[in-house]
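A.B. asks: Before we start, here is the structure in question, set down as structure tokens.
The values are calculated or read from the model by the stated rules, or taken from the named source; none is laboratory data. Quick caveat, the model's predicted, so the values are computed rather than measured. Counting neighbours? That spans all protein chains shown, and the Cβs are built from the backbone with ideal geometry, glycine included.
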Amino acid sequence: MSVKYEAIRQSIIDIGIEMADSALVVGTWGNISARVPGEDYIAITPSGVDYHAIKPEDIVILDMEGNIIDSDKKPSIESHMHLAVYKDRKDVNAVIHTHSTYCTAMAIARKPIPAAAEDMVQIVGGDVRVSEYFLPGSQELAHSATEALKGRNAVILANHGCLGAGKDLKETLKIVSVVEKSAQATIYANILGGVVELEQKDVDFMRDFYLNKYGQR
């Protein structure tokens, strides 16, 4: 029996396994979504299911108002936050929310990740801001995260974790991985005496380079 939108659902599963195996999440926490090609829908991970146990039909298809289009599973509690990002950012086709160790350290300290590491500013667009704290799954958290994400491709969610948003699932996994590495490096740099941030002109240059010249064209 065929599964509707199987390709994008399987892609989310593959990314989820890679995310779990990379220790960007522990257990069933965190969540992943992507726009469904050719439809005004998103596909999102189900609530509370181990990443290694998710089947394509378990990935929940939602319309942009959060109504379930396909799947008998309950979507992630953070579906409001994912939908808010997609509505605000037409350039975003995938969203990944992690509970990785170093980003969580920054989150519970409510400290932004400064624009200091070259790879991070290229892929994120500058520093990683901290959104205002609200309870998980709330509309207030969705709004706060979206506001802090403006002009960026990642945000630290206060007392919670990290959210990355990118052009596709692979890039978004790369975003949250680079942000986690940068959070770790920031903590180490502070032990060594402090972070030296890049000048804005250099951040702008590297961001433009990443968007328009980096890689094979």
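A.B. asks: Please work out which residue is nearest to the chain's Cα centre (by Cα), limiting yourself to the stretch 18-32 and to residues that are free of Cβ contacts under 8 Å to residues at least 60 places away in the same chain and surrounded by 14 or more Cβ atoms within 10 Å (Cβ to Cβ).
C.D. replies: Checked the stretch 18-32; the qualifying residue nearest to the chain's Cα centre (by Cα) is Ala20.
A.B. asks: Determine the pairs where a residue that is at pLDDT 95 or above and in a helix (DSSP H, G or I), located within the stretch 171-190, has a partner that is surrounded by fewer than 19 Cβ atoms within 10 Å (Cβ to Cβ) and among the β-branched types (Val, Ile, Thr) with Cβ atoms under 7 Å apart, the partner being 6 or more residues away or on another chain.
C.D. replies: Matching pairs, first to second residue: Thr186/Val195; Ala189/Val195.
A.B. asks: From the set of residues in the stretch 119-166 that are charged (D, E, K, R) and farther than 23 Å from Met19 by Cα, which is surrounded by the fewest Cβ atoms within 10 Å (Cβ to Cβ)?
C.D. replies: Only one residue fits best here, namely Lys150.
A.B. asks: From the list Lys111, Lys87, pick out the single residue that is surrounded by fewer than 21 Cβ atoms within 10 Å (Cβ to Cβ) and either more than 13 Å from Val155 (Cα to Cα) or within 14 Å of the chain's Cα centre (by Cα) (or both).
C.D. replies: Exactly one residue qualifies, and that residue is Lys87.
A.B. asks: Out of all the residues in the stretch 46-99, which are within 21 Å of Ile17 (Cβ to Cβ), touching a Ser or Thr at 6+ places or on another chain (Cβ under 6 Å) and of a type in the set (Asp, Glu)?
C.D. replies: Correct list: Asp50 only.
A.B. asks: Would it be correct to say that Ile15 is of a type outside the set (Gly, Ala, Ser) and within 19 Å of Gly137 (Cα to Cα)?
C.D. replies: Taking the combined requirement at face value, the residue does not satisfy it.
A.B. asks: Identify, please: which residue in the stretch 33-60 is modelled with pLDDT of 95 or more, over 16 Å from the mean Cα position of the chain (by Cα) and among the charged types (D, E, K, R) and is, among those, farthest from Cys103 (Cα to Cα)?
C.D. replies: In this case the residue turns out to be Glu39.
A.B. asks: If you scan the stretch 176-186, which residues turn out to be surrounded by fewer than 24 Cβ atoms within 10 Å (Cβ to Cβ) and either of a type outside the set (S, T, N, Q) or closer than 21 Å to His143 by Cα (or both)?
C.D. replies: If the condition is that a residue be surrounded by fewer than 24 Cβ atoms within 10 Å (Cβ to Cβ) and either of a type outside the set (S, T, N, Q) or closer than 21 Å to His143 by Cα (or both), then Val178, Lys181, Ala185 are the ones that fit.
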